[in-house]
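Notes follow once the structure below has been shown.
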Amino acid sequence: MKIKLLVLSLFSCMAVMAAKTVTVTVKWTFEEVVEGYNHDNKILVFVDGKSIGESKVFKETDNASYSFEVAKGKHSIKIVDYSFYEGKWDIHTKENQYSVDAFYEGEINFTANTTINMLFNVDKESSEFTVTGGKITAAKGVPLTVTWIYKNVEVGYDHENRMIVYIDGKQMGTSAIFAESKKGSMTVMVPPGQHDVVIENYAFYEGQWELHSIENNYSVDAFYSTNMIFKKKKRTVDLVFDIETLETTPTVK
């Protein structure tokens, strides 16, 4: 009789534990992978700042999947893709000279089993994420929208470019890629308060990204720094880089 009661108690505890956790499945793949660059890759998962596991190794073009358990409720989730290149594992980011930022970071309220889909497009240099089952918590902070365009771009020199925004020395975001003659835009979330803001434009030239500066033999310094106060209202910085006058004109609101 005691043994039966013990077994029933164990099953009851397991049922309670199961009711308090959900299964999270991460699915990811890379599109438009160049022949010869289909690297081995894997993901590491962090929940509330703690590493909770890593996937097995897949090829970038595989439909990869990794599952883990997490307690119900709101959690900070970070999923980082690592690529095996030249004998070592690198975080697959633009900063590390890869074509796309292959990571996800956000807060999710887990109320049921959840799937996080990550699609990384190498050609477009874009990352797309969809979450089903759980609910993404709105990003905290004040929106800072940065827009920019180059004026008087010469024919044949309409380079691809992208913007990187730093807040107090920390990289907050990298934009999509635009032609210099087209208006670019990106938005990052900034904590309330007073912060140093640095905005740098990078041009893609001869197979690599480099800071668009006079020091790097470009015609204009395409960067801007300032100190801004963020309260509740959205802030904007509009930058015009004039190739002919060699001037950068900022408009801050």
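Spin-label model, THR245 to SER76: label points 7 Å out along the Cα-to-beta-carbon direction sit 4.4 nm apart.
For the chain, the 222 nm mean residue ellipticity estimated from helices alone, with every DSSP H stretch of n ≥ 4 adding -39500 (n - 2.57) and the total spread over all residues, rounds to -2500 deg cm²/dmol. Taking THR114, THR236, THR226 as the candidate residues, the one with maximal mean-square fluctuation in a Gaussian network model of the chain, Cα springs under 10 Å, is THR226. Annotated for the stretch 142-252: lysine pairs at least 8 residues apart or interchain, Cα distance under 24 Å, count 9. A crude spin-label estimate for the pair GLU31 and LYS232, with each label 7 Å from Cα along the Cβ direction, gives 4.0 nm.
Where (1) 12.8; (2) 21.3; (3) 17.9 are the candidate values, the label of the one calculated here for mean projected area of the Cα convex hull in nm² is (3). Sorting 158-166, 51-59 by average packing, meaning the other beta carbons within 10 Å per residue, from highest down gives 158-166, 51-59.
Using Cα pairs closer than 8 Å and at least 6 residues apart in sequence, work out the relative contact order for the chain, in percent. Display every interim value, and only then the final one.
Details: 571 pairs, mean separation 35.9, N = 253.
Value for the chain: 14 percent.
Sorting 89-98, 36-45 by average packing, meaning the other beta carbons within 10 Å per residue, from highest down gives 36-45, 89-98.
All of the numbers you see were taken from the coordinates with simple rules; none came from a lab. Bear in mind that the values here come from a model prediction, so they are computed numbers and not experimental data. Every residue, glycine among them, receives a Cβ derived from its backbone with ideal geometry; neighbour counts consider all protein chains shown.
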